[in-house]
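The structure appears below as structure tokens.
The values are calculated or read from the model by the stated rules, or taken from the named source; none is laboratory data. Values in this document were obtained by computation on a predicted structure and should not be read as measured data. A quick note on method: Cβ atoms are made from the backbone with ideal geometry, for glycine too, and the neighbour counts reach across all protein chains shown. SASA here: full protein model, heavy atoms, side chains in, ligands and nucleic acids out. Shrake-Rupley method; radii C 1.70, N 1.55, O 1.52, S 1.80 Å.
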Amino acid sequence: MITTGPLGTLTQEASISTETTVSEVAVQLEGITKRFPGVVANRDISLTVQKGHIHAIVGENGAGKSTLMKILYGMQRPDEGEIRVNGSPVTFHTPGDAISAGIGMVHQHFMLADNLTVLENVILGSEPRKGGLALDFAAARTKIREISDAYGLGIDPDVLVEDIGVGTRQRVEILKVLYRGARILILDEPTAVLVPHEVDELFENLHGLVREGITIIFISHHLDEVLKVADAITVIRRGTTVAEVDPVSVTARQLAELMVGSELPSPETRESTVTDVVALQVTGLTIGAEGERKVLDDVTLTIHKGEVLGIAGVEGNGQAELVEAIMGIRPSTGTITLAGEEITSWTTLRRREAGIGYIPEDRHRHGLLLEAPLWENRILGHMKEKVNVRGWWINRRGARADTQRIVEQYDVRTPGIDVLASALSGGNQQKLIVGREMSGEPKLLIAAHPTRGVDVGAQAAIWDHLRTARAAGLAVLLISADLDELIGLSDWLKVIHRGTLVAEFDPATVTPEQLGSAMTGAGEEA
Amino acid sequence: MSSTFADRWLGRVRLSAWVTLTAPLLAILFAGVITSIVLAITGNPVFDTLVTMVDYGSQPRSLALVVNNATTYYLSAIAVAIGFRMNLFNIGVDGQYRLAGLVAAAVGGAVTLPAPLMPIVIILVAMIVGAAWAGIAGVLKATRGVSEVISTIMLNTIATGIGAYLLLEVWGERQGNDIATKELPEAARIAGIGLIPGTPQMVYGLFFLAIAVGIAFHVLLNKMRFGFDLRATGQSESAAVASGVDVKHMIVYAMLISGATAGLIGMPQLLGESFTYNLNFQAGLGFTGIAIALLGRNNPIGIAFAALLWGFLDVSSTVLDLHKIAPEIVVIMQGLTVLSVVVTYELAHRYRVNAEQRRVSRELAGGASATPQKEGASA
Ligand SMILES: Nc1ncnc2c1ncn2[C@@H]1O[C@H](COP(=O)(O)OP(=O)(O)OP(=O)(O)O)[C@@H](O)[C@H]1O
Ligand SMILES: [Mg+2]
């Protein structure tokens, strides 16, 4: 399973390149078709990826990007079509086959085990053996260090995954596939969870990999970064390739039009709807025992009715904990009042009943029952709402009707409301969650990355929904890695760093650069 | 990510009706074939043995016994299934029902109440004892994070000890070779019913209790908020927590309900046949329940069929002795059935998924322009 180190395969490649005329082509997909019940995810797709390129794939939510990549990675079998890797036709039955052919994939949704160390996560599934039996941790550790150094990934093999931020997790995922000898790397929305400077770091890493002759295929909804980093772009629409474009000759706007046939949205808030009625008051919120480093330290903030308060920060600086404390999921000290009523000691369910909507940052772990149909997911988190329940009983008809409404209003692309949530594309799962949490006229919406993984068209629609609700008096706590979204949507911005609010800005005057430097702890009060 | 293997065999995800029906039939067929091979290897006449078993098992008297066995098995499997649906492994059903049966028998022998009240009180006592015993494991898990597998196994052993003490030293009366609690008065007994014609063998009156429990299980799980919370916790604990489900409470409640159901297991036998708790009170039903719950995929209808099949195999095995064949052959068959059901469900599930995709592609290829199929999901 383990092939030679990252640098060791250069010679082998050179020999291949003399062999055939299509030597420069790393991956060629031809006529790929993949059907799911009720949906054609890929229809006669062709794709050619040059060796040593960063090749971007863009397209609407549900266009079939992840499916295509899962086919290339052997996770799904195509119904029709041919895959060629380095010129020779291949058939993959499992990801194992793809890995042997030098293909590795980092998924849209991370697949690391929290309670294991980086080392354990990396070797999971391809454990090195000493004399065929005992695990050879020392060899693995050395190899991880080698790879990390070779590409400047900066990874410590012995920390627990739960203790590292998303940016690092992303690099661990990449290291994991490199460790298995991948020469062709598939990254499905790798930047969705990263803040701008982490994105830059990632792209530096990617350029490093490309210099070593590795080929990268990556999916993203952030068109600006696609244009910046990609050597070639393929646009997929409704399951087929509609264009191959050269990044130097298109603008983000043109790209968006190719994808969805609509213009790029702007998250600009027009007139302010902020009232002076306090919706949420958080005072002295602290998490972490006396003595040790606090994950959240004395956070105080106020959100008024009709106001969006944006929290900027590099992921892992206490945002997740802040949100979970307000939702009552994580114990904390300090006080929280909602519309004048103290809710500090309330259970999560009671808080939700009182009108707090919650869009969690990790939709798979906290937002959905993947193995339940969409209409049952409508009930999740809203187990006291009239449309979903009558007293002790599930209101099946009501929940179904309301799910149908969400599917239509939020443009969730699905064959029906009886399909399992796991059958939806990532962006469509997100739309379903947003629609659900905006239901029942919440007073306060805790929105952690509300448009993560959502295409530009749907993003605009979600922003519109948020603005309309805000005009009607909704208070929003917005956490986002997307600075444009933060600046465009918020009425006021606060920056969180190492668990404390370190700066605040008026979004009307702040620049992304100022915000960016404040987030790394370098900024001063504005 | 699709459903995992564990999700499927623990019944946490729905499989299509097709899979649900075909898989067990194939499994039984397969188990039959292997059993035949075992019979052949051990030098027994394969065909004759099977015919004898079926012949004997389908006598009216045998059928009544099958229903009686299945009644107890059913209650046990449902008790186990309640836990399974929430990812709780209540291995302690065995201890729960034995302790419940003993205490209920003792209470029944000690109090005198009018006829309709008597059995109700006894059944309630059994449910409370079962619930309390299971509740210990629930509370330990909720407050201390103790694995319910470990604690229920230990509680089984403790139940055996306490039970022996109570029976031998406190409530038991010596009757010949046996030690038993005081016999229940006439008012406490539940008359059998002549469900199967052509035999004087009665079917337990509490057969109907088992049916009611099955319906209650279905309603609780699929129609009620509580059941939704329970299934949500079983499918994704993190999502349940974020949604406001109080997982700790759910653990305790689920164990209480599972235990209360376990308390019922001994009742058909106690109130319909033995009228006392004695040394011969059937043990091990809790473990049989685990196998049957798996066989029936934790689904109330599936479990009913599984319980009847199990009962049938049990009853028909009694004839083997007369033919000088080890009745243990049936135990092999039962084990094989569970194993092959798990395997065939998985195979049938995969086959079904592939077939579905082939069907969709055929339809699309056939009438590409005519069918208003959603394409690329954006129609
Ligand atoms: N396992 C599955 N079962 C049924 N349908 C599926 C399955 N996986 C994907 N689909 C469907 O195939 C289509 C393409 O999905 P895919 O995940 O490839 O989209 P995507 O382009 O990656 O979208 P996103 O940008 O939202 O991640 C969608 O309509 C989706 O609902
Ligand atoms: Mg995707």
Practice task
Pop out a list of residues from the stretch A:379-404 that are at least 40 Å² less accessible with all the protein chains around than in their chain alone; 1.4 Å probe, no ligands or nucleic acids counted.
Solution key: A:380, A:383, A:392, A:393, A:394
Exercise for the section: For chain A, find the longest principal axis of its Cα atoms and tell me its angle to the long axis of helix A:426-437, 0 to 90°, nearest 10. Expected result: 10 degrees
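Per residue of B:231-240, how many C-beta atoms from partner chains lie within 10 Å of its own C-beta, taken as a mean?
6
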Exercise for the section: For chain A, find the longest principal axis of its Cα atoms and tell me its angle to the long axis of helix A:166-179, 0 to 90°, nearest 10. Expected result: 20 degrees
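As an exercise, identify the GluC sites (Glu not before Pro) in the stretch A:424-518 lying in DSSP coil whose Cβ has no more than 13 other Cβ atoms within 10 Å.
none
Return the FRET efficiency for the residue pair residue B:186, residue B:147: r is the Cβ-Cβ distance, R0 is 41 Å, and the value is rounded to the nearest 0.05. Before the final figure, lay out the partial values.
On the way: r = 45 Å, r/R0 = 1.10.
FRET efficiency, residue B:186 to residue B:147: 0.35.
Leaving out ligands, DNA and RNA, calculate the buried accessible area for the pair A and B with a 1.4 Å probe, summed over both sides, in Å² to the nearest 100.
The buried area between A and B, both sides summed, comes to about 3500 Å².
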Problem - About the Cα centre, charge dipole magnitude for chain A (Lys/Arg +1, Asp/Glu -1 at Cβ), debye - result: 1860 debye
Problem - Inverse of mean 1/r across different Cα pairs in the stretch B:74-286, Kirkwood, Å - result: 17.8 Å
Practice task
Enumerate the calculated ³J(HN,Hα) couplings along the stretch A:420-425 in order (Karplus 6.51 cos²θ - 1.76 cosθ + 1.60, θ = phi - 60°), each rounded to whole Hz, writing x wherever the residue is Gly or Pro.
Solution key: 6, 4, 5, 7, 7, 6
Completion exercise
Non-local residues with an amide H under 5 Å from the amide H of residue A:80, with H modelled 1.01 Å from N and Pro and chain starts lacking one, are A:33
Handout entry: Rg to Rh, two decimals, where chain A supplies the alpha carbon set and Rh follows Kirkwood
Key = 0.97
Problem - Reach of residue A:143 by Cα under 26 Å, taken over lysines that are not fewer than 8 positions away in the same chain - result: A:51, A:130, A:176
Exercise for the section: For the protein assembly as shown, just run the numbers: alpha carbon Rg, then divide by 2.2 N^0.38 Å, N being how many residues it has. Expected result: 1.08
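Once the other residues with Cβ under 14 Å from the Cβ of residue B:323 are scored (Lys, Arg +1; Asp, Glu -1), what is the net sum?
Summing Lys and Arg as +1 and Asp and Glu as -1 gives -3.
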Handout entry: residue A:50 long-range amide H proximity, modeled H, under 5 Å
Key = A:26
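Tell me the net charge near residue A:444. Cut-off is 10 Å between Cβ atoms, residue A:444 excluded, with +1 for each Lys or Arg and -1 for each Asp or Glu.
+3
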Fill in the blank from the handout: Expected sort for B:145-154, B:167-176 on mean C-beta neighbours within 10 Å, highest first, is B:145-154, B:167-176
Fill in the blank from the handout: Percent antiparallel among DSSP beta bridges confined to the stretch A:10-260, nearest 5, equals 55 percent
Handout entry: Accessible surface, 1.4 Å probe, highest first, among residues A:358, B:253
Key = B:253, A:358
Practice task
Compute the signed sum of charges (Lys and Arg +1, Asp and Glu -1) over the other residues within less than 13 Å, Cβ to Cβ, of residue A:219.
Solution key: -3
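Antiparallel as a % of all DSSP beta bridges within the protein assembly as shown, to the nearest 5? The partial results should precede the final answer.
Details: 51 of 87 bridges.
Percent antiparallel among DSSP bridges in the protein assembly as shown is about 60.
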Completion exercise
For the stretch A:401-411, Karplus-derived ³J(HN,Hα) couplings (6.51, -1.76, 1.60; θ = phi - 60°; whole Hz; x for glycine and proline) come out as 4, 6, 5, 4, 4, 4, 4, 6, 5, 9, 6
Exercise for the section: Evaluate the Kirkwood expression for the hydrodynamic radius of chain B, namely the inverse of the mean inverse distance over all pairs of different C-alpha atoms, and round to one decimal in Å. Expected result: 22.5 Å
Practice task
Arrange the peptides B:336-343, B:71-78 so that the one whose residues have, on average, the most other Cβ atoms within 10 Å appears first.
Solution key: B:71-78, B:336-343
Fill in the blank from the handout: Expressed as a percent, the accessible surface of the protein assembly as shown that is carbon or sulfur, using a 1.4 Å probe and the full set of protein chains, is 58 percent
Practice task
With everything on Cα atoms, drop me the angle between helix B:247-264 and the longest principal axis of chain B, reported from 0 to 90° to the nearest 10.
Solution key: 50 degrees
Handout entry: Values of log10 I(q)/I(0), in the order q = 0.16 Å⁻¹, for the stretch B:248-348 under a Debye, Cα-only, solvent-free model
Key = -0.90
Fill in the blank from the handout: Residue by residue through the stretch A:47-54, the couplings from Karplus 6.51 cos²θ - 1.76 cosθ + 1.60 with θ = phi - 60°, in Hz, x for Gly and Pro, are 8, 10, 10, 6, 5, x, 9, 9
Completion exercise
For residue A:500, other-chain or 5+-apart residues with amide H closer than 5 Å (H placed, Pro excluded) are A:297
Completion exercise
With every protein chain in place, the residues of the stretch A:224-250 shedding 20 Å² or more of accessible area versus the chain by itself (probe 1.4 Å) are A:238
Completion exercise
With -39,500 (n - 2.57) per DSSP H segment of 4 or more residues and division by the full residue count of chain A, the 222 nm estimate, nearest 500 deg cm²/dmol, is -9500 deg cm²/dmol
Exercise for the section: Note down the magnitude of the dipole of the protein assembly as shown about its Cα centre, charges +1 on Lys and Arg C-beta and -1 on Asp and Glu C-beta and zero elsewhere, to the nearest 20 debye. Expected result: 3000 debye
Practice task
Pairs to check: A:431/B:223; A:34/A:65; A:386/B:141. Give those whose C-alpha atoms are more than 23 Å from each other in this structure.
Solution key: A:431/B:223; A:386/B:141
Completion exercise
Residue-normalised value, i.e. accessible area per residue, for chain A at 1.4 Å probe, in Å², stands at 39 Å²
Handout entry: Among B:43, A:366, A:391 - extreme Cα towards positive end, dipole of the protein assembly as shown, charges at beta-carbon
Key = B:43
Completion exercise
Largest-first ranking of B:123, A:233, B:211 by accessible area, probe 1.4 Å, whole protein assembly kept, is B:211, B:123, A:233
Exercise for the section: With a/c under 1.5 counting as rounded, go ahead and sort the stretch B:56-116 into rounded, prolate or oblate using the C-alpha gyration tensor (a ≥ b ≥ c being the square roots of the eigenvalues; past the cut-off, prolate if a/b is larger than b/c, else oblate). Expected result: oblate
Completion exercise
Placing one equal point scatterer on each C-alpha of the stretch A:10-260 and summing with Debye, one gets log10 I(q)/I(0) at q = 0.08, 0.12, 0.13 Å⁻¹ equal to -0.31, -0.71, -0.83
Problem - Highest average packing first - B:133-142, A:299-308, Cβ atoms within 10 Å - result: B:133-142, A:299-308
Practice task
Would you compute, from DSSP H runs of 4+ residues alone, the mean residue ellipticity of chain B at 222 nm, taking -39500 (n - 2.57) per run and dividing by the full residue count, rounded to the nearest 500?
Solution key: -22000 deg cm²/dmol
